[in-house]
2 protein chains.
Amino acid sequence: MSIRIGILGYGNLGRGVECAIKQNNDISLAAVFTRRDPSEVEILTEGVKVYSVNDIEAHKNEIDVMILCGGSATDLPEQTPEYVKYFNVIDSFDTHAKIPEHFMAVDAEAKANGHVGIISVGWDPGMFSLNRLYANAILTDGNDYTFWGRGVSQGHSDAVRRIDGVKDARQYTVPVEKALESVRNGENPELSTREKHMRECYVVAEEGADLKRIENEIKTMPNYFADYDTTVHFISEDELLANHAGIPHGGSVIRTGRTGWNGEHKHVIEYSLKLDSNPEFTSSVLIAYARAAYQMNKEGQTGCKTVFDVAPAYLCSQSGEELRKNLL
Amino acid sequence: MSIRIGILGYGNLGRGVECAIKQNNDISLAAVFTRRDPSEVEILTEGVKVYSVNDIEAHKNEIDVMILCGGSATDLPEQTPEYVKYFNVIDSFDTHAKIPEHFMAVDAEAKANGHVGIISVGWDPGMFSLNRLYANAILTDGNDYTFWGRGVSQGHSDAVRRIDGVKDARQYTVPVEKALESVRNGENPELSTREKHMRECYVVAEEGADLKRIENEIKTMPNYFADYDTTVHFISEDELLANHAGIPHGGSVIRTGRTGWNGEHKHVIEYSLKLDSNPEFTSSVLIAYARAAYQMNKEGQTGCKTVFDVAPAYLCSQSGEELRKNLL
């Protein structure tokens, strides 16, 4: 019998979860829930139904884990504490500063209703967080660095699109190679925002728009671009579609530290990702943690968890014996 | 109150553990146990006693976790099941093929005596295993690669030292850059032993020894060198001491895989280590898992565990709240 997954929200992430389910034999898609008119949502998996989110509670006995694919700004703060009443849930809540309060809200409802809710699953927060934790536990005396990219930032792309005269845009976050090298060499540099990342914008302008003004508005935009070295490339709509349609991302978590009676030895731990599809990779992490949520709940655990609370073996379908034999 | 650690075996690893304890405020060294005459073992930590291993049982109430720093060939298969009767224990058992039987032996005694024993802790097995597991859980459809080095292999150095006419030697395992690049590019190459690693030997020969014969004996030695491209450099004893006294190591665990409805997107996950001191880094991992063993046993858990069974949060002294706030 396979673990039955529900997907709430069928955008890039929901579709990614659907694809990831196809790659895991012990997991099946039970249903998709949407805020749109279900008849207008076409999914990839044959024979699986799309329902209105309003009917979600009626399906609580058909679903082992509900994966919440909404956004962190307004969806998840409401959805996760609400739906953990009826289901084990997984979300990818990524507003770092608000994780503590989100955790508390989910924990209360999860415990009151006997479910497991694993929040902030993905790669950052998620796999990057895990690697920060492991590296900090090992190298007590050290420095942490996180570099993002080269990859598409949806938030920054949206910010450029909101500028008057911009028809479409894509923004890439790019780590500064010199800074990366210095960190990897264990030089422990102190790096400003500008020294760590650059921003590259590919912009399709409306016909007749003032390109100088657009470029200036981008480069001086507070929070988003003003603190970075930003380059702006004006391209045609065709070129945007041909060369910038993907959603790649990635990055590196690096910790450098010292050991020895007098700190005489240096060490560098690096975890890095190169992803062709940010939402599909995130979805694959969500599915692994859905497996964990199901198992942990079956064993009687309840409450809110993060990747820090999940023993790695729960993520795999193999037995402990198989894992020790094949992966240890 | 700090977690009281005992060290059994005071070689490179035992001394590394002693250094790591100094870097962790919540952990203290209670005693060192040795098979040698204790009066001949001088340790770094002031005020801590060295005892004979024969008296170890008498100290069972003074020690929260015993770290076993013996070798995998003959020491640990006997020591870990024996001492888990009296203590929570950590070992770095690294004979991959014998892990299942070692696990069973330790598990039986750990459960019978109410202790936790965490085996095969370090970086391979250990952190590399963890990264193999996480990457496999996420990218179900993919390929695994492990590269070791550039670093000193004690086993290969010893093998060279046993050759007639060799006074001293150091062997470095070196990953083949071209193979690494191909893997990192997601080309999924099938690599032979020779294509993955090279072996570099620095040899101090006895006066008048036949260098040609030594070089030939090294390069044709079955299992150790015959399957590799090996280079042999004859150097003076002074040069060996000046340039090859350290025990650096490292390596990379890489998994490449595909996601998407038709496997249309590629991903690369890489975890890599650059270590100035192999035993000190391993020791730092041992200490983090000693903290976990102590906590897990305090919560009532018993039995044999590996890194796969330990939720990451147990490795840190900070509370769940602090970890979520600072590292998630």
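Every number in this text was worked out from the coordinates using simple rules, so none of it is lab data. A quick note: this is a predicted structure, and the numbers were derived from the prediction, not measured. Using ideal geometry, Cβ is built from the backbone for each residue, glycine included, and neighbour counts are taken over all protein chains shown.
If I take every Cα pair under 8 Å that is 6 or more residues apart in chain B, average their sequence separation and divide by the length, what percent do I get for the relative contact order?
Values: 635 pairs, mean separation 68.1, N = 328.
In percent, rounded to a whole number, it is 21.
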| Distances in nm from A:Asp238 to the matching label points in the other copies, shortest first (labels 7 Å along Cα to Cβ) | 7.2
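Within a Cβ distance under 13 Å of A:Arg15, other residues only, what is the Lys/Arg minus Asp/Glu net charge? Can you show the working numbers first?
Working: positive: A:Lys22; negative: A:Glu18, A:Glu42, A:Glu280, B:Glu264.
Charge balance near A:Arg15 sits at -3.
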| query | Most mobile of A:Ala30, A:Ala73, A:Ala169 per a Gaussian network model of chain A (Cα springs, under 10 Å)? | reply | A:Ala73
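I'd like the Kirkwood hydrodynamic radius of segment A:135-230, using the inverse of the mean 1/r over distinct C-alpha pairs, in Å.
Working: mean 1/r = 0.0671 Å⁻¹.
It works out to 14.9 Å.
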| query | Considering only B:Tyr224, B:Ala31, A:Asn143, whose Cα is most displaced toward the positive end of the charge dipole of the protein assembly as shown, charges sitting on Cβ of Lys, Arg (+1) and Asp, Glu (-1)? | reply | B:Ala31
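How large is the helix-only mean residue ellipticity at 222 nm for chain A, computed as the sum of -39500 (n - 2.57) over DSSP H runs with n ≥ 4, divided by its residue count, in deg cm²/dmol to the nearest 500?
On the way: 11 runs with 111 residues, N = 328.
Mean residue ellipticity at 222 nm (helix-derived): -10000 deg cm²/dmol.
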| What aspartates and glutamates sit close enough to A:Lys167 to cross-link, taking a C-alpha to C-alpha distance under 16 Å and skipping anything fewer than 8 places away on the same chain? | A:Asp158, A:Glu206, A:Glu207, A:Asp210, A:Glu215, A:Glu217, A:Glu237, A:Asp238, A:Glu239
| said: Could you tell me the extents of segment A:190-328's C-alpha atoms along the three principal axes, largest first, rounded to whole Å? | reply: 66, 46, 31
| request: List the distances, in nm to one decimal, from the label point of A:Glu62 to the label points of the same position in every other copy, shortest first, placing each label point 7 Å from Cα along the Cα-to-Cβ direction. | output: 6.6
| Using only the Cα atoms of segment B:231-285, what do you get for the radius of gyration and for Dmax, in Å? | 19.3, 61
| remark: Quick calc: nm separation of the 7 Å Cα→Cβ label points for B:Glu207 and A:Arg184 -> 4.7 nm
| field | Label point 7 Å beyond Cα along the C-beta direction, distances from A:Thr193 to other copies (nm, shortest first) | value | 5.4
| said: Taking 30 Å as R0, compute the FRET efficiency from the Cβ-Cβ separation of A:Asn223 and A:Glu177 and round it to 0.05. | reply: 0.80
| query | Looking at the P(r) of chain A, how many percent of alpha-carbon pairs lie beyond 28 Å? | reply | 50 percent
| field | Projected label distance in nm at A:Val41 and B:Lys49, using a 7 Å step from Cα toward the beta-carbon | value | 6.9 nm
| field | Peptide B:124-132 - average C-beta neighbours from other chains (10 Å radius) | value | 4
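What's the local net charge at B:Glu206, with K and R +1, D and E -1, over the other residues with C-beta under 11 Å away?
Working: positive: B:Lys167; negative: B:Asp164, B:Asp168, B:Glu207, B:Asp210, B:Glu237.
Around B:Glu206, the surrounding residues sum to -4.
Can you tell me the FRET efficiency between B:Ala112 and A:Glu322 if r is taken as the Cβ-Cβ distance and R0 is 22 Å, rounded to the nearest 0.05? Mind showing how you got there, number by number?
Working: r = 25 Å, r/R0 = 1.14.
Using R0 = 22 Å, I get an efficiency of 0.30.
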| query | So which aspartates and glutamates pass the test for A:Lys178, namely a Cα distance under 15 Å, with those fewer than 8 places away in the same chain ruled out? | reply | A:Glu187, A:Glu190, A:Glu195, A:Asp229
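Return an integer: the convex hull volume of the alpha-carbon atoms of segment B:15-103, in Å³ per residue.
Working: hull volume 10.0 nm³, N = 89.
Residue-normalised Cα hull volume stands at 112 Å³.
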| request: Classify segment B:277-327 as rounded, prolate or oblate from the Cα gyration tensor: take a ≥ b ≥ c as the square roots of its eigenvalues, call it rounded if a/c is under 1.5, otherwise prolate when a/b beats b/c and oblate if not. | output: oblate
| task | Could you check how many percent of all C-alpha pairs in segment A:144-195 are farther apart than 12 Å? | result | 69 percent
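Rounded to the nearest 20 debye, what is the charge dipole size of segment B:248-328 about its Cα centre when +1 sits on each Lys and Arg Cβ and -1 on each Asp and Glu Cβ? Walk me through the numbers before you get to the answer.
Working: 9 positive and 8 negative charges, 32 e Å.
Here segment B:248-328 has a charge dipole of around 160 debye.
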| Candidate aspartates and glutamates for bridging to B:Lys98, where Cα separation is under 18 Å - those fewer than 8 sequence places away on the same chain excluded | A:Glu321, A:Glu322, B:Asp75, B:Glu78, B:Glu82, B:Asp107, B:Glu109, B:Asp124
| note | Within the set A:Glu18, A:Glu109, A:Glu46, GNM on chain A using Cα springs under 10 Å gives the largest fluctuation to A:Glu46
| said: From the alpha carbon gyration tensor of the protein assembly as shown, can you work out the equivalent ellipsoid semi-axes (sqrt of 5 times each eigenvalue) and give them in Å, largest to smallest? | reply: 46, 32, 23
| said: Regarding segment B:49-95, what's the average projected area of the Cα-atom convex hull, expressed in nm²? | reply: 3.3 nm²
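Once you order the gyration tensor axes a ≥ b ≥ c over the Cα atoms, which shape class does segment B:198-261 get: rounded for a/c under 1.5, otherwise prolate or oblate by comparing a/b with b/c?
Numbers: a/c = 5.23, a/b = 1.96, b/c = 2.67.
Oblate is the answer for segment B:198-261, as a/c is 1.5 or above yet b/c matches or exceeds a/b.
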| said: Can you compute log10 of I(q)/I(0) for segment A:28-157 with the Debye formula, treating each Cα as one identical point scatterer, at q = 0.21, 0.22 Å⁻¹? | reply: -1.27, -1.31
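How high is the relative contact order of segment B:1-45, in percent, with contacts defined as C-alpha pairs under 8 Å that are six or more residues apart?
Here the relative contact order equals 47 percent.
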| remark: Summing +1 per Lys or Arg and -1 per Asp or Glu among the other residues with Cβ less than 14 Å from B:Leu191's Cβ gives -4
| Over segment A:177-260, what relative contact order in percent results from Cα pairs under 8 Å that are six or more residues apart? | 36 percent
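With a ≥ b ≥ c taken as the square roots of the eigenvalues of the C-alpha gyration tensor of segment B:91-135, please select rounded if a/c is under 1.5 and otherwise prolate if a/b is larger than b/c or oblate if it is not? It would help to have the intermediate numbers written out before the result.
Numbers: a/c = 2.45, a/b = 1.91, b/c = 1.28.
Prolate, because a/c is 1.5 or more and a/b exceeds b/c.
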| task | Take chain B, connect every pair of alpha-carbon atoms lying under 10 Å apart with a spring to form a Gaussian network, then pick out the residue of B:Gly16, B:Gly260, B:Gly300 with the largest mean-square fluctuation. | result | B:Gly260
